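Where a number appears in this text, it was derived from the coordinates with a stated rule and is not lab data. Here the structure is a predicted model, which means the values were calculated and not measured. FYI the Cβ positions are ideal-geometry reconstructions off the backbone, even for glycines, and counts take in every protein chain you see.
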Amino acid sequence: MNNKKVWFITGASKGFGLSLVKQLLDAGQLVAATSRNQQELIEAVNTQSDGFLPLQVDLVNESSVSLALQHTYETFGRIDVVINNAGYGIGGAIEELTDKETRQAFDVNVFATLNVIRYVMPYLRKQRSGHIINISSIAGIAPGTGWAIYGAAKYAVIGLSEVLAADVKSLGIKVTVVAPGAFRTNFLTPDSLTLTTNPIADYEDVRASHSKYLKMDGEQAGDPEKAAASIIKIAGEANPPLYLLLGGDAYNRALTKLDALQSEIYEWQDLTCSTDFEYDLKSI
Amino acid sequence: MENKKVWFVTGASKGLGLALVKRLLNEGYSVAATSRSISDLNKAVNDDSDRFLPLAVNIKDESSVQEAVEKAISTFGKIDIVVNNAGYGLVGGLEELTDDEARDNFDVNVFGSLNVIRKALPYLRDQKSGHIINISSIGGFVGGYPGFGIYCATKFAVNGFSEALAQEVNPLGIKVTIVEPGYFRTNFLSEGSLITPKNQISDYQNVRDAQNLHQNNLDQQQPGDPEKAAAAMIKIAGADDAPLNLFLGADAYDLAHKKIAEVKNELEAWKELTTSTAF
């Protein structure tokens with residue numbers, strides 16, 4: 001990295017967020033990092049660097065987010081890269097999760113990201129520069145069995161990122177959505193993952209899928225340090241991708257999904273294309 | 001006998017929902033139909049047959065949904081096809097839309113459908129049959145529309161939970177289809193239906209342009225015929241080979257293929273970095 005950039009990273013006390021913060025500080029970058037618990041964050045990052053601004057933030061609370069961004073801007077004078085990383089997994093059949101549990105998952109995984117975007121944009125627009133990087137998941141492209149709500153939230157992150165990219169491109173602001181596969185973070189531990197407390201006997205496949213995932217804990221192929229390095233790399237690109245998948249597993253799962261979808265679209269072409277008004281053809 | 005199938009359709013007082021309900025009643029099906037306003041619904045459907053059960057439902061409210069599902073079951077004895085159609089469009093930059101405006105769109109487009117699914121599934125599981133049809137949008141797969149960030153996010157979410165739902169209920173004999181219409185000539189883009197932000201920021205000229213295009217040039221010029229969309233849905237409902245994804249309209253067909261190609265190209269272009277992250 002040639003110059004010092006200012007980074008704003010949410011969910012920084014563990015997982016990708018922590019790896020990112022540590023690597024960036026090692027590289028001499030300026031990093032504002034958020035966590036629900038400032039003390040945990042300071043202990044986890046464990047640095048003496050002046051470039052580190054630890055912030056205690058409730059991301060679901062708009063004024064807390066707004067203050068954190070203001071604090072960052074006042075401390076460092078600008079904000080270059082925003083990484084919406086905070087999130088957690090939630091497992092259960094749709095029917096096994098309550099409306100409340102469902103909404104809580106969206107609070108952190110979707111509405112918190114929107115809060116950060118809403119309050120950082122005035123700074124980025126003023127600068128006419130910036131890069132917003134939203135961490136989704138391969139579950140946001142191809143959801144696993146028993147992860148419908150998590151998948152829905154991560155799909156939503158991909159959808160809003162695609163449109164945001166179109167909204168802000170002319171303002172000099174870039175957007176990337178990152179879809180990691182399985183990485184050896186603490187994602188599959190109770191701290192980051194909520195499973196339904198109301199299992200219904202019929203959902204044997206959901207139980208089997210959850211056991212399979214939980215058994216993977218500690219064995220995931222992906223190295224979080226390499227994921228962090230990849231994310232840092234694209235933040236320095238003049239033309240970063242809109243989508244960045246991380247991990248061979250994510251790559252394969254996305255392609256399998258896209259191929260299956262493409263085949264299905266071809267298979268149903270006649271019905272799909274049977275619904276237009278006849279006479280509209282000439283007016284186009 | 002196919003005509004004895006019982007349908008439960010939300011958001012039935014206008015648009016695709018209304019076209020579907022009218023066609024179903026004409027073809028002899030039994031239909032429980034929901035709307036916020038029962039008088040709007042009755043006026044729009046204008047059918048006094050006892051195969052039509054109009055229900056006033058606030059789909060954001062689980063207990064209101066629960067009551068409606070129970071009423072449909074006690075009236076018709078079962079539910080075969082659930083169509084989560086209720087939803088509305090919202091156009092505005094992410095920064096322009098408040099947390100409340102964003103959440104309200106999710107309340108109806110996402111959490112409302114999840115309420116219906118949550119409350120209908122016990123009956124479908126008992127029957128070991130049923131078909132849940134979730135009306136998404138081409139905007140649930142293609143996000144390149146300036147200004148439709150929240151709307152697309154809600155519809156992407158519908159696609160996401162529907163795909164996972166299909167996997168979780170397939171062993172129980174229940175099918176799931178995501179319907180992704182392109183532009184259909186309903187009142188979707190009309191004033192009072194398409195919501196715009198209260199707080200507009202002058203930097204977002206492209207969002208205003210998109211808003212104007214949709215409100216002034218595309219409204220009532222859409223190539224899609226709602227009657228044909230309804231017919232297509234009836235055709236696949238309950239079919240053994242029903243697709244998981246059904247795009248509707250030549251526009252949706254083209255956009256979906258284009259999107260797949262774009263994502264594949266980008267995946268390929270960044271493959272080296274993507275696959276560099278294993279231990």
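Here segment A:11-109 is treated as a Stokes sphere of Kirkwood radius computed over C-alpha pairs; at 10 °C and 1.306 mPa s its diffusion coefficient rounds to 109 µm²/s.
Here the residues B:Ile201, B:Ile133, ranked from fewest to most Cβ neighbours within 10 Å of their Cβ, fall in the order B:Ile201, B:Ile133. For the protein assembly as shown, the alpha-carbon coordinates run over 76, 53, 40 Å along the three principal axes, in decreasing order. The calculated pair-distance distribution of segment B:122-190 uses every alpha carbon pair, bins of 10 angstrom beginning at 0, and gives 20, 41, 25, 13, 1 percent. Under the convention that each Lys and Arg Cβ holds +1 and each Asp and Glu Cβ holds -1, the size of the dipole of segment B:6-274 around its Cα centre is about 640 debye. Normalised by the number of residues in chain B, the average gap of Cα pairs under 8 Å and 6 or more apart makes the relative contact order 19 percent. Taking each DSSP H run with n ≥ 4 as -39500 (n - 2.57) and averaging over every residue of chain B yields -14000 deg cm²/dmol at 222 nm. Simple spin-label estimate for A:Asn198 and B:Asp40 gives 2.9 nm between the two label positions (7 Å along the Cα-to-Cβ direction from each Cα).
In straight-distance terms, cross-link reach from B:Lys259 covers every one of the lysines whose alpha-carbon lies under 29 Å from its own, apart from those fewer than eight places away in the same chain; here that gives A:Lys154, A:Lys169, A:Lys174, A:Lys226, A:Lys233, A:Lys257, A:Lys282, B:Lys155, B:Lys175, B:Lys228, B:Lys235, B:Lys271.
Helix B:250-269 and the longest principal axis of the C-alpha atoms of chain B enclose an angle of approximately 50°. What residue among B:Asp241, B:Asp80, B:Asp254 shows peak mean-square fluctuation when chain B is described by a Gaussian network model with Cα springs under 10 Å? Among B:Asp241, B:Asp80, B:Asp254, the largest mean-square fluctuation in the Gaussian network model of chain B belongs to B:Asp241.
Quick check: the angle from helix B:112-127's long axis to the longest principal axis of chain B, C-alpha only, nearest 10 degrees? Result, in degrees: 40. Straight-distance candidates among the aspartates and glutamates for linking to A:Lys212, with alpha-carbon spacing under 13 Å and chain neighbours fewer than 8 residues away dropped: A:Glu204. Please give the helix B:62-76 orientation as an angle from the longest Cα principal axis of chain B, in degrees from 0 to 90, rounded to the nearest 10. Around 40 degrees separate the two axes. Placing unit charges on the Cβ atoms of the charged side chains and taking the dipole of the protein assembly as shown about its Cα centre, the candidate lying farthest along the positive direction among A:Phe187, B:Ala278, B:Leu218 is B:Ala278.
Between the residues B:Asn199, A:Val81, B:Asn84, the greatest Cα displacement towards the positive end of the dipole of the protein assembly as shown, with unit charges on the Cβ of Lys, Arg, Asp and Glu, is found for A:Val81. Exposure proxy ranking for B:Cys152, A:Cys273, based on other Cβ atoms within 10 angstrom of each Cβ and starting from the fewest, stands as A:Cys273, B:Cys152. The convex hull around the C-alpha trace of chain A, projected and averaged over every direction, spans 18.1 square nanometres. For segment B:6-274, the fraction of alpha-carbon pairs lying more than 31 Å apart is 25 percent, rounded to a whole number.
Residue exposure proxy: B:Ser113, A:Ser49, A:Ser64, ordered by other Cβ atoms within 10 angstrom of their Cβ from fewest to most, comes out as A:Ser49, A:Ser64, B:Ser113. Annotation: aspartates and glutamates with alpha-carbon distance below 16 angstrom to B:Lys43 (same-chain offsets under eight excluded): none found.
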